[in-house]
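Peer 1: Quick one: the structure is below, questions incoming.
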Amino acid sequence: MKLAKLLTHQDVIEYSILQGKVGVMAIHGGNIERGTEQIAVCIAQNSNSSLYVISPRTQKRDWKFHISSNKISPKDSEKLAHFLGHISTAISIHGHVIKRNVICVGGLNHELRRRIVQSLREDFDVVDSIEEGGICRNLSAKNPKNIVNLPRDKGVQIEIPLLMRKVFKHRPCDEMPTEETQLLVTRLTTIIQQIEKSPEE
């Protein structure tokens, strides 16, 4: 299924907010990769970054609404095209089901990816999906067509384990489900704020 067709479904919501030059994304929000939409929204709110979300609001998880990151095109969405044209780099929030409480970090913005890995590694089990591979080798987001790599400076894909996101439900950002989730949002918010303060090259 292409994005244009997905967005015609009555249970699918697409929304974006254009703010800073960093864009936070949750393209498998709603009930697909549970908690990723809420985490992305909280990061964007706390950092004043831009935001783009695709959110199937079905009661049950339906994987027909899950479009591969490599197949989502700005040609199919005016909102997405405007979002990608506004930002310089992106951080895409995803969820994995690997049976290990590990965060996988991929994407072709190598400097930002390494910076995020270094920051998160102080408190989390983190794997650089491109440089280390291993258990996260299939979550590297190294395809240039991956939506996270379409901005000018490409981007970073962060795959979060189920334990850190499944209990999020629809709580507001000041009611994080776990201390780990709060710490993750805080770390990423700090990195984005630092980027936003840095002068454009």
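The values are calculated or read from the model by the stated rules, or taken from the named source; none is laboratory data. The shown structure was predicted, so the numbers you read here are calculated from the model rather than taken from an experiment. Reconstructed Cβ throughout: ideal geometry from the backbone, glycine too, with neighbour counts over all protein chains shown.
Peer 1: Is there a residue in the stretch 147-163 that is at pLDDT below 95 and crowded, with 19+ Cβ neighbours inside 10 Å?
Peer 2: Scanning the stretch 147-163, I find at least one residue that is at pLDDT below 95 and crowded, with 19+ Cβ neighbours inside 10 Å, so the answer is yes.
Peer 1: Of all residues in the stretch 79-90, count the ones that are outside any helix (DSSP H, G or I) and of a type outside the set (S, T, Y).
Peer 2: Going through the stretch 79-90 one residue at a time, the tally reaches 2.
Peer 1: Here's a follow-up. Could you run through the stretch 116-146 and say how many residues are loosely packed, with under 13 Cβ neighbours inside 10 Å and among the small types (G, A, S)?
Peer 2: Qualifying residue count for the region: 1.
Peer 1: Which condition does E196 not pass, out of (1) surrounded by fewer than 16 Cβ atoms within 10 Å (Cβ to Cβ); (2) at pLDDT below 95; (3) touching a Lys or Arg at 6+ places or on another chain (Cβ under 9 Å); (4) not in a helix (DSSP H, G or I), if it passes all the others?
Peer 2: Result: E196 fails condition (4) only.
Peer 1: Within the stretch 63-92, can you find the residues that are of a type outside the set (S, T, N, Q) and touching a His at 6+ places or on another chain (Cβ under 9 Å)?
Peer 2: Answer for the stretch 63-92, where residues must be of a type outside the set (S, T, N, Q) and touching a His at 6+ places or on another chain (Cβ under 9 Å): F65, H66, I67, P74.
Peer 1: Can you tell me how many residues in the stretch 57-106 are out of contact with any Gly (no Cβ under 8 Å at 6 or more places or on another chain), under 25 Å from V126 (Cβ atoms) and buried (at least 17 other Cβ atoms within 10 Å of the Cβ)?
Peer 2: Of the residues in that region, 10 qualify.
Peer 1: Still on this structure, I have one more. Given the conditions (1) crowded, with 21+ Cβ neighbours inside 10 Å; (2) among the charged types (D, E, K, R); (3) closer than 21 Å to A4 by Cα, report the number of the one that R113 does not fulfil.
Peer 2: Single failed check for R113: (3).
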